[in-house]
Amino acid sequence: MQQKPTKRRSAADQDKIIVAALRDAGRPVSAYELIDQVKGTGVTAPPTVYRALQRLIDDGLAHRLESLNAFVACNHPHHANKAVFAICDACGAVTEFDSASAIKALQTWAKGAEFQVRSMTLELRGKCKACAAAGSAAG
Ligand SMILES: [Zn+2]
Ligand SMILES: [Zn+2]
């Protein structure tokens, strides 16, 4: 027998639960991992989780990492620019930063080429400082 959730969560509640789960994870998580993590909170249906994620992304509270197909909580709740990410392939650490000049250069090119930008993904893949240091120490 399936148990019904005791009460329906409002969209705002759902968003809070999802963003808290992302922050708790402290690393990029897939939608599946996220759905698993919020089990028992009343936010269980995958479409509900996806809708909440989309709202959070629209509001700039979360970001989607295209190359990992994963989501992270935003580190800078007030940034106006598109976020740029540096992703360590060795330990999975993700560093979010702003690069207004890089984004401006891309927008300038798009304007010049009359290219209509639908989305912009800026992700650097490689090794973080700690992993690079550990790698060179190991020889
Ligand atoms: Zn951000
Ligand atoms: Zn690393």
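Data table
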{"item": "Unmet requirement for Glu66, which otherwise passes all of (1) within 16 Å of ligand 2 (Cβ to nearest atom); (2) touching a Ser or Thr at 6+ places or on another chain (Cβ under 8 Å)", "result": "(1)"}
{"item": "Count of residues meeting criterion [within 16 Å of ligand 2 (Cβ to nearest atom), without any contact (Cβ under 8 Å) to a residue 24 or more places away in the chain and within 16 Å of Ala62 (Cβ to Cβ)] in region 112-138", "result": "0"}
{"item": "Region 82-111 - residue that is more than 16 Å from ligand 2 (Cβ to nearest atom) and within 15 Å of the chain's Cα centre (by Cα) and, of those, surrounded by the fewest Cβ atoms within 10 Å (Cβ to Cβ)", "result": "Asp98"}
{"item": "Residue match in region 95-105 (condition: away from ligand 1 (no atom under 16 Å from the Cβ) and on the phi > 0 side of the Ramachandran plot)", "result": "no"}
{"item": "Options Val72, Val84; residue that is within 29 Å of Ala134 (Cα to Cα), in contact with a Lys or Arg (Cβ under 8 Å, 6 or more places away or on another chain) and within 16 Å of ligand 1 (Cβ to nearest atom)", "result": "Val72"}
{"item": "Verdict on Ala70 being surrounded by 14 or more Cβ atoms within 10 Å (Cβ to Cβ), under 21 Å from Ser30 (Cα atoms), under 11 Å from the mean Cα position of the chain (by Cα) and in the same structural domain as Ser30 (by TED's automatic domain parsing)", "result": "yes"}
{"item": "Subset of region 111-139 (residues that are within 16 Å of ligand 1 (Cβ to nearest atom) and of a type in the set (D, E, K, R))", "result": "Glu123"}
{"item": "Test: residue in region 18-33 that is farther than 15 Å from Val72 by Cα and without any contact (Cβ under 8 Å) to a residue 12 or more places away in the chain", "result": "no"}
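The values are calculated or read from the model by the stated rules, or taken from the named source; none is laboratory data. Values in this document were obtained by computation on a predicted structure and should not be read as measured data. Neighbour counts run over all protein chains shown; Cβ positions are idealised from the backbone, glycine included.
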